[in-house]
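One structure below.
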């Protein structure tokens, strides 16, 4: 497997001299194609800053981020917009659905912005079916539950078959039942469609669906866990995650 | 610290919102212009001709000022509302930081007063300049450019402008403050669109738009068929039907926008663009309907005003410049009795004497025509039995008139008179010759007809001409005649010294026989165009009139074309000023409301735009979407107003505007073109300003927010 996303010596500092805050302090990550990578850490550890750097929301102070060999900090104008909309699919904690568009119209938004191909409609039907949103796809967001909204948002993130899906606390606004249902779908997409997913979460349960987890503390990679795909159950992986979280200081309660 | 904050906020508001500042300045100009109308050169001049006019004008200015106060209140209200709502988040932050509502209110009040002062500092000099320009242009356009220009500066107008402007500014501020301070801090901090309203079944919207269209068609029918003008009840019926039609149509129009949104299109953000348009139509259908009605009022006023101004011919029907009433001729018995009593011949103002008088004061040479016209009535013989003596009967003609009047405004009864005026054929033909028209030729037992220029609406004249083709029989002084030829409308006097609504033109022999001494002469005179002083009729009329008036021995009852022209000028200036002024005020208000509503809605939809940015929308794509939304948002009410205005202007021509304005097609086309160009220009400026503000706002959303 080759790395699709390559992050080298990534730094993001705020303030100057005495007041300098090192939100990210020299992180190296390789995300392989078809991998489901989780980033975990306590509040203020730098996990969201990392995701924001990848999503081009903020500019890093140093280091490089490459997607498929292309340095993203050098992208500008149309190419930057293309990266945000087509190369990267983003799953937001608060869904970010446009409230005056129906579910279907929301899913179509990236196509409307970046043009799909002739298989787009077919893909949309497939995603709608897979994510089990046939009954609500023509409703407006105000008529959907949180879980339904996030599944519509997932379909929107996946519609253009992006190179990588960035998920920012996707279960953060969902109840446990809906959270589990969404994670099962994401895991399925990762396995069946070979979708590359990079998920930031503080939810150990959600993280247990990942194939690899990197733990961040004080802007640095603190630890890494890899699920043994062949033998390990999700329950066992969850236990291992919890142990690391405990080492991080104060256990999951502190993280949550 | 507090005053610094107020100053900084005021400065920032001026910089950021051109639309708001422009609205304030426009309001000031509108106030000053209406209040200083009486100081315009042309109005001062009319005052010298028609002193009555000034009273009408003062009454009109007061009413117009009150009306302007009301309509401009809405302009200021919407502009200020936008100005405050766009800062709702900032105001929420102040309150979060512990600022009391009373202090926040005081801060906004100070900012409001500061922005008003800035608007007055800019607006008042601009108003003065605008008013001066208007004064100079109108005297030139009307043809009295030789008048000495006087400044239009009026302290009273200036103070009233200040008072009116500050009053509506403060009242609107209090209204906005009340709604603002009722909101929770959370609502102020969140820039979210209004709660999603429950959508009704699409068929309901389709039915509503259809019903609206039917009501509108009904209103159009009532208007163009002239039914609205029958009486006040029909007028109210037309208005109510039109209003219901407009509001219902705008409520239902979302059906079509939803269809367009659902239509497949390769254009970027097609669905988003039309859902945004649909959103504004859903939440603001009432506002859009009001704006459409304002644009309609503006177009109709503009059409009427410009038509009056461009097609109104001050010289239309201008034949004579002076008419002097001669004394009644004395019968032979009366003449002899006078000579016997006073020992001298009576000093009557006979046509011959008046001609000599004019010659003596040296004005005859200024005339190209000077002659009398005899106008009389049938002299009933003393021995006649009134029971049997039929002075005049035209029942036959009136019956025919009812058939040909086309059910329009039937005023045929005004033509029927027991003792109709009779014009002597040769006298009338001299007037026709003067204005280069064909003379009336009458055979034995024939009469021609005359209808006054003011009465003669086109429909009545054409209807009566059809009657005349039938050669209807009439009875005059017991004799049978037939009415023949075409209806004559050339006036017999200069102005209103005599106002015969209807008259018969009769051969000289029959006139002498039937009228005998029961007539009065009027001496008409027309100025020689070659002898106009500086080629200007106004100056020449003033010169001759002064000559006649300065000669104390001449005691005439006379009128000059100055009276006529004064009245015409007043009508022209008052009508065109008021209508064009109202048109501009309506248009400015409609556009400001539309623009402000759009920008407020865009601000409230900022979350949607931010999502688009996160999905990779470029500034260019978002601007294209916004541009299209603005085109539709302005286009829908304007299109409905444009269709309605077509019928509205036609209705005006059918009902209010007299036949004087219904001149040649080419004049109307020029008027239409002027209206269209002015309208398109104003709309383009507004749309561009709103687009610019929208693009600028979208630019601020381009950097996705950090989600930590």
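Points worth noting:
- For a paramagnetic label modelled on residue B:426 (point 7 Å from Cα along Cα→Cβ), amide N atoms under 15 Å away belong, within the stretch B:359-382, to B:371-375.
- Taking every alpha-carbon pair under 8 Å whose residues sit at least 6 apart, chain A reaches a relative contact order of 26 percent.
- When both the stretch A:35-76 and the stretch B:328-379 are represented by their alpha-carbon centers, they are found 110 Å apart.
- Here the stretch A:3-255 is described by how far its Cα atoms reach on the three principal axes: 52, 44, 34 Å, from widest to narrowest.
- Rounded to the nearest 500, the helix-only mean residue ellipticity at 222 nm of the protein assembly as shown stands at -19000 deg cm²/dmol, with each DSSP H run of n ≥ 4 adding -39,500 (n - 2.57).
- Paramagnetic reach from residue B:70 in the stretch B:559-597 [backbone N under 17 Å; point 7 Å along Cα→Cβ]: B:579, B:582-583, B:585-587, B:589-590
- Angle of helix B:395-404 to the longest C-alpha principal axis of chain B, folded into 0 to 90 degrees and rounded to 10: 30°.
- Modelled FRET efficiency - R0 45 Å, residue B:419 with residue B:147, Cβ distances, 0.05 increments: 0.50
- Between helix B:232-252 and chain B there is an angle of about 30 degrees, using the helix long axis and the longest principal axis of the Cα atoms.
- Cα pair count fraction exceeding 15 Å, expressed as % - the stretch B:258-311: 63
- Relative to the longest principal axis of the Cα atoms of chain B, helix B:665-700 runs at roughly 10 degrees.
- Inter-chain Cβ neighbour average for residues B:604-617, partner chain, 10 Å: 6
- All C-alpha to C-alpha distances of the stretch B:61-135, sorted into 10 Å bins beginning at zero, yield P(r) values of 15, 33, 30, 15, 6, 1 percent in whole numbers.
- FRET efficiency, residue A:20 to residue B:183 (Cβ-Cβ, R0 35 Å, nearest 0.05): 0.30
- Shielding by partners - mean other protein chain Cβ count within 10 Å, residues of A:84-92: 3
- Compactness relative to 2.2 N^0.38 Å, alpha carbon Rg of the stretch A:1-144: 1.24
- D by Stokes-Einstein for the stretch B:126-262, Kirkwood Rh over Cα pairs, 20 °C, 1.002 mPa s: 101 µm²/s.
- In terms of its Cα atoms, chain B spans 119, 57, 41 Å along the principal axes, sorted from long to short.
- DSSP-defined antiparallel bridges as percent of all bridges, chain A, nearest 5: 55
- The stretch B:1-190: relative contact order in percent, alpha carbon pairs under 8 Å with at least 6 residues between: 42
- Extension gain, residue B:390 to residue B:62: 0.36 nm times the residue separation minus the Cα-Cα distance gives 112.8 nm.
- Å³ per residue enclosed by the Cα convex hull of the stretch B:1-190: 118
- For the stretch A:189-246, the fraction of C-alpha pairs more than 13 angstrom apart is 62%.
- Descending semi-axes in whole angstrom, ellipsoid equivalent of the protein assembly as shown, from the Cα gyration tensor: 86, 31, 20
- Potential extension, residue B:438-residue B:624 segment - 0.36 nm per residue separation minus Cα distance: 60.4 nm
- With neighbours defined as other Cβ atoms within 10 Å of a residue's Cβ, the residues A:202, B:318 order from fewest to most as B:318, A:202.
- Cβ-Cβ distance of residue B:368 and residue B:121, R₀ of 60 Å, FRET efficiency by 1/(1 + (r/R0)^6): the value works out to about 0.55.
- Rel. contact order, % - alpha carbon contacts under 8 angstrom, at least six apart, chain B: 21
- Dimensions of the stretch B:592-653 based on its C-alpha atoms, expressed as ranges along the principal axes with the largest first, amount to 56, 18, 12 Å.
Rule-based calculations on the coordinates, nothing more; no lab input. Everything numeric in this text was worked out from a predicted model, so none of it was measured. Using ideal geometry, Cβ is built from the backbone for each residue, glycine included, and neighbour counts are taken over all protein chains shown.
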